[in-house]
There are 2 protein chains.
Amino acid sequence: MKRIKIKELLATAPTGQPVAVHGWVRSFRNSQFISINDGSTLQNLQAVVELNALGEDTLKRITTGACISVSGDLVASLGKGQAVEVKVKSLEILGDCDPEAYPLQLKNRPSLEYLREIAHLRSRTNTFSAVMRVRHAMAFAVHKFFNDRGFYYIHTPVITGSDAEGAGAMFRVTTLDPAKPPLDDKGHIDYKEDFFGRETNLTVSGQLEGETYALALGEIYTFGPTFRAENSNTTRHLAEFWMIEPEMAFYDIQDNMQLAQDFLQFLTRYALDHCAEDLEFLNKRALEEDQAKPQEQRSELTLIDRLKFVAENDFQRLSYTEAIDILRNSNPNKKKKFQFLIDEWGTDLQSEHERYLVEKHFKKPVILYNYPANIKSFYMRQNEDGKTVAAMDVLFPGIGEIIGGSQREERYDRLVKRVNELGLPEKDLWWYLELRKYGSAPHSGFGLGFERLILFVTGMTNIRDVIPFPRYPGNAEF
Amino acid sequence: MKRIKIKELLATAPTGQPVAVHGWVRSFRNSQFISINDGSTLQNLQAVVELNALGEDTLKRITTGACISVSGDLVASLGKGQAVEVKVKSLEILGDCDPEAYPLQLKNRPSLEYLREIAHLRSRTNTFSAVMRVRHAMAFAVHKFFNDRGFYYIHTPVITGSDAEGAGAMFRVTTLDPAKPPLDDKGHIDYKEDFFGRETNLTVSGQLEGETYALALGEIYTFGPTFRAENSNTTRHLAEFWMIEPEMAFYDIQDNMQLAQDFLQFLTRYALDHCAEDLEFLNKRALEEDQAKPQEQRSELTLIDRLKFVAENDFQRLSYTEAIDILRNSNPNKKKKFQFLIDEWGTDLQSEHERYLVEKHFKKPVILYNYPANIKSFYMRQNEDGKTVAAMDVLFPGIGEIIGGSQREERYDRLVKRVNELGLPEKDLWWYLELRKYGSAPHSGFGLGFERLILFVTGMTNIRDVIPFPRYPGNAEF
C-alpha cells in the first residue's frame, strides 16, 4: 500500500479506509497508543494497537525515536486531542532506537545548548522541526515574491577575488600547501601559485556583482550564503549566513523603501497564512520562555502579535535628522536612561534607540533614511546637502535593524572621488566603476539577513538555532 | 509618470495612451528609430523620434549602450518586426555610453571567450540575458516542484569540518596568517588556532547533512553552492557550481528513479511553457553554431526538440548489467568504433556508451541502476548479490549523465563495514553513522548539477557561459 504523509492523512475524513503510515515514534503509552511523527507536520498521528495483538518482542522495540511502518484503518478518534486515529492491523519496525542511548527522550527535555551539540538529531524535536518548516516557507516566499514581480534570481559568486566592499573580515580560500607556501622574490606568499592565480576570499555580499545584473536585466535578487570571519560570539552573529539582496535599476530611495515594506509584509503575511500550526506552537514556546524572565524584560507583544504588527501597519518613514531630534528630546534621553545618550547629529544609532522609535514612539515599523555619509558605505548615493547619503534602514520591534539598503551612487566622478577619499583600491573596482561609464542608471537595493528574518518570524532568540548547522568561532562540526 | 516594463508594454493593446519606458539603447537608425531593451524580455521596444524634434546634442548621445528614459504615446507600428511602438514626446539621457570605448557594439560581434573577460557587461547581450532569464526560471521551477510536493528546503553548510565524502579535492578555508601559521609541538600547522578550531574546507556536497534532515522531516532538498578544487580546464567543470540534492525517507531506488524522472520532466516542461521566447532565440543560436560544424558532429535534434524529447518520453530503466550486455553486442563495440571497448562486467561507462544507449539504442532518456559497488560511493545501499549497489544515473541526449543518485545504506553494520573497508575516517562520520543507530529508515536521494541542467536547457556548450561569474583555475575576477 502506498504510504500517506501524516499531514495529508490528518486532513482526510475517516471512513475506516485502509492507510499506511511511516514515521518515528514520539511516545508509546499503555502498550497501546503510539504517537507517530513523520516530519510533514507538527502533529503526531495516534496509532492504536489492540491489546495482545503484537508479540512481546515487537512491543519492546516500539521505543521513542524508533522508525516504524504501520498499516491499518483510519477511524474517528474517541480520545481527546485528535480527530482521527489508525487502528493498527500490521506494524513493522524499520529502525530500532536504543532508549538507553538515544539522547532525545521525552522525560529529560534537552536544553537548546545541548541540542546544538547534536544538530544532526535536533530536527526531530518539535521546536526545531517547526523552525525549519517555517524557514522553508520563508525561503519559498522570498522566491515567490520576486518571481511574481518579474525579478531574476542571480547566483553571485561565493569565492571572490574582490575584497573591496569592506563589509567585514574575510575567510581566505586556498589550495596552497599551508606548511610550505610558495614565496615570491621578496619572500611574500606567491598567490600566483594559488588555485585562482590570486588571493581569494569568501564573499561578504553579492551586492556589487548584483548591480552588474540590475543594469542589464532591470530587477534582480540574490539569495545565497555570505561570510564574516569576525570573532563574534553573540546570539546575533554567524560566520556563515544566508542573505537576500535585491538590486533594481530605475528605483530611487523612495521606491526602494516601498519595495522593502512590500517584501517584509508579504513575508510575514505568508508566514501567518501558511505556517499557522507551527507558529502557534512557537508562539506558546516563546511565551513560556518569556514568562521565565523578570517582568521588565518581557515582550509587550506575543510572537504572532509582532507578525501582525508588521503585516498590518504602514511603515513610518523619517529621515535620520528627524529621528535624532525625536531621540534627543525623548524621555529616556533626558532622564539618562539610554546607555548611549543622543547628543549631536552624526552619531550612529544603537539598538536601544531604534527600538525606542519603533516600540515606544511610533508603535509601528520604522524606515530611517538619509544617514550621515561618514557612517555609511562608499557606494551610497550622495545627497545634495553634501553630508548625507540616500541610505535606509528598516527597524523592527524586538530586533532593531532588519534591512539595510540605499540608492547607489550612479555618477562616475562622485563615486571615484569617494573611493579615493576612503583609500579603497580603485583598480580592484574597475568593473564596478565601469557600470557608471557605460549607460549608468539610477538604481537601488537592500540586504536582508535571512536568519535575522527567521529569528523574527519564529521568536527564537539565538541565531544558532534557526540554521541547520551553525558556523561560529570554534564550531564547524557536521 | 510611472515606468512600465517593456515586457508588459509589448503585451498591451496600443490606443495612443501615454507611457514611460526606461532602458538601454541597442541601436539607433536614421536619427529616428531607437531600439530599447530593459532586460525584462528579449524583445526591444521601438521608439520613434520625430525628425528634428531633438537637439543635435541629444541625438549624438543616443548611442548603443546609453541608458535613456522615454515618454510618449503607445501606437500600433506600421513597420515590420513589431506590433507596437512609442511615439517619443520627451527623451532623457540617464547615462551616456562612449561609443569609442564601449566593448559591446553591434558591428563587431564579440566572441564568447571575450565576453567572459567582461562578465560584468555580457548580461547586456541577447545571448546572456536569455541564458540568465532561463536560469532564473529553472531555479524557480526547482523550488516550485519541491514545495508543491511538500519537500522542505534545507541550507546545508558551505564551510565544513567534514571531508569524508571524498567526492573531490577541496578548498581550504582559513584565517591563519599564511606567512606565519601557528605550529604545534611537532611542528605541524596548529589548526586549533584557526577560526573554527579545526581544519575546514568548502563543501563538495550537502548530501550527508541533508540525510540528517530527511530522517526528521521526511522529504527535503538542498540547493546551494558546492566546490571542487580540481585543476579541470574543460567545458564541463567549474570550481564553484550550484547543486540540487533531494533526500527522501521511505523512498527505495525505484521511488528515487520516479522522482528523478518527474523532476526533470517538470523542469523541461516548465522551460518550454515559460521561456518560449528566449528558447526560440537560443534554439536559433545553437542551430547556427551547429551548422558551422562538420556534418558528423552536428546534433540530430534541435535544442527545442531535445527538451520535448525529455518532457514527452518515459525514461527507460535498465540495470547496469543489462546495459553492458547491450553495449557489448552493439555495432560500435563489435566494429571497434568506441574509443573504450566494452569487454567485461565491472567497468565504468564512458560518455560515448551513455550517449549510444540514449541516442541510438533506446531513443529516449535512460536510467541505469544497480551499478558495481566498487565504482560507486561508500554510502550506497548494498544489494543482496554482494557485488552491486542500488545506485542510479540518469542519462540525457547530448550531455550523458545529468543526475546521479542512490538508495542509501541504512543498515548500521553494513555501512560501518564499508567505511572501514575503504579506510574512511569512521570518527569523523560519527553523526552520519548515528542516523543508522537511532530510528534508521530506508531512504534515497540524488544530485543534479544546476549548471549541467542549464547547459542542457539553453543549448550553450561551455559551462562557463551559464553562470554569472564562473570560477575555474586561474580565474576569480569580479
Excluding ligands, DNA and RNA, the carbon-plus-sulfur percentage of the accessible area of chain B with a 1.4 Å probe reads 46 percent
Computed for region A:195-326: size of charge dipole around the Cα centre, +1 on C-beta of each Lys and Arg, -1 on C-beta of each Asp and Glu, debye to nearest 20, value 380 debye
quick note, the protein assembly as shown, DSSP beta bridge pairs, % antiparallel (nearest 5) is 90 percent
Calculated from DSSP helices alone, with each H run of at least 4 adding -39500 (n - 2.57) and the total divided by the residues of chain B, [θ]222 nm to the nearest 500 comes to -8500 deg cm²/dmol
P(r) of region A:299-351 over all Cα-Cα pairs, 5 Å bins starting at 0, rounded to whole percent, reads 4, 17, 19, 16, 16, 19, 8, 0
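Using the Kyte-Doolittle scale, find the helices of chain B whose mean hydropathy is at least 0.0 and whose Cα atoms extend 30 Å or more along the helix's long axis, counting only whole DSSP H runs.
Length and hydropathy pass: B:126-148.
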Taking the dipole of the protein assembly as shown about the Cα centre (Lys, Arg +1; Asp, Glu -1; charges at Cβ), the one of A:267, A:378, B:139 that reaches farthest to the positive side is A:267
Kirkwood calc, chain B, C-alpha pairs only, radius in angstrom 25.7 Å
Restricting to lysines and to Cα separations under 16 Å from residue B:437, and discarding same-chain partners fewer than 8 apart, the set is B:417, B:427
Per residue, the convex hull enclosing the alpha carbons of region A:183-316 has a volume in Å³ of 216 Å³
Diffing region B:25-30: the Karplus 3J(HN,Hα) column from phi (6.51, -1.76, 1.60, θ = phi - 60°), in whole Hz with x for Gly and Pro, holds 6, 9, 7, 9, 10, 6
Once both label points are put 7 Å beyond Cα along the C-beta direction, the residue A:411-residue B:428 separation in nm becomes 5.5 nm
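Between residue A:325 and residue A:385, what is 0.36 nm times their sequence separation minus the Cα-Cα distance? Round to one decimal in nm.
Details: separation 60, 0.36 × 60 = 21.60 nm, distance 1.80 nm.
Additional length available on full extension: 19.8 nm.
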The orientation-averaged projected area of the Cα convex hull of region B:6-101, in nm², is 5.9 nm²
Region B:70-114 scanned against label point 7 Å out from residue B:59 along Cα→C-beta; backbone N under 17 Å for B:88-93
Inter-copy distances for residue B:360, label 7 Å out on the Cα-Cβ vector, sorted ascending, nm, one decimal, are 8.1
Residues whose built amide H sits under 5 Å from the amide H of residue B:409, excluding neighbours closer than 5 in sequence, are B:380, B:381
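Counting heavy atoms of the protein chains only and a 1.4 Å probe, report the per residue accessible area for region B:232-374 as a whole number of Å².
49 Å²
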at residue B:255 the sorted inter-copy label distances (label 7 Å from Cα on Cβ side), in nanometres, are 4.8
Checked against the positive end of the charge dipole of the protein assembly as shown (+1 on Cβ of Lys and Arg, -1 on Cβ of Asp and Glu, about the Cα centre), the farthest of B:435, A:21, A:468 is A:21
Restricting to lysines and to Cα separations under 27 Å from residue A:335, and discarding same-chain partners fewer than 8 apart, the set is A:293, A:360, A:363, A:364
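Check each of the GluC sites (Glu not before Pro) in region B:73-116 and keep only those in coil by DSSP with at most 10 other C-beta atoms within 10 angstrom; list them in order. Intermediate results must be reported in sequence, preceding the final value.
On the way: sites: B:85, B:92, B:100, B:113; in loops: B:100.
Answer by residue number: B:100.
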The protein assembly as shown: Kirkwood hydrodynamic radius (Cα pairs, Å) comes out at 30.4 Å
Given unit charges at Cβ for Lys, Arg (+) and Asp, Glu (-), the dipole magnitude of region A:6-101 about its Cα centre in debye, nearest 20, is 320 debye
The rounded separation in angstrom of the Cα centers of region B:339-395 and region A:344-415 is 58 Å
Counting only backbone N atoms under 13 Å from a point 7 Å out along Cα-to-Cβ of residue A:76, the residues of region A:5-25 in range are A:13-16
The long-range amide H neighbours of residue A:170, using H built 1.01 Å from N in the peptide plane and a cut-off of under 5 Å, are A:229
Probe 1.4 Å, all chains present, heavy atoms only: residue B:464 accessible area in Å², nearest 10, is 30 Å²
If every Lys and Arg gets +1 and every Asp and Glu gets -1 at its Cβ, then about the Cα centre chain A yields a dipole, in debye to the nearest 20, of 1240 debye
Sorted by chain and then number, the residues having a modelled amide H within less than 5 Å of the amide H of residue A:40, at least 5 places away or on another chain, are A:6, A:7
Under the Karplus relation with 6.51, -1.76 and 1.60 and θ = phi - 60°, whole-Hz ³J(HN,Hα) for region B:362-371, x at Gly and Pro, equal 8, 6, 7, x, 10, 10, 8, 9, 6, 7
For residue A:53, inter-copy label-point distances (7 Å, Cα→Cβ), nm, shortest first, read 8.1
Quick calc, residue B:183 & residue A:298: beta-carbon distance into FRET formula, R0 30 Å, rounding 0.05, result 0.05
Calc'd 3J(HN,Hα), region B:223-239, phi into Karplus 6.51 cos²θ - 1.76 cosθ + 1.60 (θ = phi - 60°), Hz, glycine/Pro = x, comes to 8, x, x, 9, 9, 9, 8, 9, 7, 9, 9, 10, 7, 10, 10, 10, 6
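For the pair A and B, how large is the buried accessible area, both sides, in square angstrom to the nearest 100, if the probe is 1.4 Å?
Summing both chains' loss of accessible area gives about 8900 Å².
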Once both label points are put 7 Å beyond Cα along the C-beta direction, the residue A:230-residue B:114 separation in nm becomes 4.4 nm
Inter-part gap, Cα centre of region A:179-219 to Cα centre of region A:5-83, in whole angstrom, is 54 Å
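Counting other Cβ atoms within 10 Å of each Cβ, which trypsin sites (Lys or Arg not before Pro) in region B:49-81 have at most 10 and sit in a DSSP loop?
Passing sites in region B:49-81 are B:80.
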The answer for region A:6-101, accessible area per residue at 1.4 Å probe in Å², is 48 Å²
Kirkwood radius from Cα pairs of region B:99-226 plugged into Stokes-Einstein at 25 °C, 0.890 mPa s, gives D in µm²/s equal to 129 µm²/s
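Check each of the trypsin sites (Lys or Arg not before Pro) in region B:1-41 and keep only those in coil by DSSP with at most 15 other C-beta atoms within 10 angstrom; list them in order.
On the way: sites: B:2, B:3, B:5, B:7, B:26, B:29; in loops: B:2, B:5.
Answer in residue order: B:2.
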Within the under-14-Å Cβ sphere about residue A:412, not counting residue A:412, Lys/Arg +1 and Asp/Glu -1 give a net charge of 0
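The values are calculated or read from the model by the stated rules, or taken from the named source; none is laboratory data. Fair warning: this is a prediction, and the values are worked out from it, not measured in the lab. Counting neighbours? That spans all protein chains shown, and the Cβs are built from the backbone with ideal geometry, glycine included. For accessibility, only protein heavy atoms count, side chains too; no ligands or nucleic acids. Shrake-Rupley method; radii C 1.70, N 1.55, O 1.52, S 1.80 Å.
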